[in-house]
1. To the nearest 20 debye, what is the magnitude of the charge dipole of the range 1-151 about its Cα centre, counting +1 on the Cβ of each Lys and Arg and -1 on the Cβ of each Asp and Glu?
2. Putting +1 on Lys and Arg Cβ atoms and -1 on Asp and Glu Cβ atoms, find which of Ser111, Asn10, Phe25 reaches farthest to the positive end of the dipole of the range 1-143.
3. What does the net charge come to around Gln17 if you take all other residues with beta carbon closer than 13 Å to its beta carbon, with K and R at +1 and D and E at -1?
4. Here is the link list: Lys97/Lys166; Lys13/Lys81; Lys56/Lys81. Which ones come out longer than 24 Å on Cα distance?
5. Once the other residues with Cβ under 11 Å from the Cβ of Val77 are scored (Lys, Arg +1; Asp, Glu -1), what is the net sum?
6. Please report the spacing between the Cα centers of the range 36-58 and the range 112-132 in Å, no decimals.
7. With a cut-off of 8 Å between alpha carbons and a minimum separation of six or more residues, what is the relative contact order of the range 1-145 in percent?
8. Scan the chain and note any complete DSSP helix (H) whose C-alpha atoms cover at least 15 Å along its axis and whose Kyte-Doolittle average is -1.0 or more.
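Bear in mind that the values in this text are calculations on the coordinates, not laboratory data. Model, not experiment: these values are computed from the prediction. Methodologically, a virtual Cβ is constructed for each residue, glycine included, from the backbone with ideal geometry; neighbour enumeration extends over all protein chains shown.
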Amino acid sequence: MINVVQKLANTYKQIRQIRGDGNCFYRCFTFALLQHVSLASKQERERIYNIVEQSKDKLVKLGFPEFGIEFFYDSLVEIFKFVAIDNTSSTADVSLKQIEQTLNEFGTTDSCITQMRFICSGHMRTNSAEYLPCITSAPSVELYCRQQTEVFGFEAEDIHIAALCKEFSV
């Protein structure tokens, strides 16, 4: 175990502690995606921003109530717009500090996590044939998503990790 810790210490210059509350994967994924965007080319920033920006329309087409998701959507779009489109900072450190500060604001992180859960659910529902064989706890992808993916505080599983990575092509 000591060798593993030493290897990690030599490989990474810092760690970021995340509250383990059932939303930790979504919180980490959102931060890592924003960090990626802050360091990416203009084309990559726009590509990822467009995925976030188009998510509400995709979700509404899948039957999500527009009024029910709009607040969460607006919060996520606002932070991605700031990092991907509006941010003209020349140093990544400033951007990372701003990302941390914004994600730590009361309510912002929960709203962003909720929208990321909805985006994950939307991807799984749209590609249900791919995910149905992996689901044993529900008869359909839609029901599984309602019970496991969209519920705030439920632990993410491998299927959710795969779905978000595929949705954002990361």
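1. It works out to roughly 500 debye.
2. The Cα lying farthest towards the positive end belongs to Asn10.
3. After counting each charged neighbour, the total is +1.
4. As for pairs spanning more than 24 Å Cα to Cα, those are Lys97/Lys166; Lys13/Lys81.
5. Residues near Val77 contribute -2 overall.
6. First find each Cα centre; the distance between them is then 17 Å.
7. Worked out over the range 1-145, it gives 25 percent.
8. 24-39, 66-81, 92-103, 108-126, 158-168
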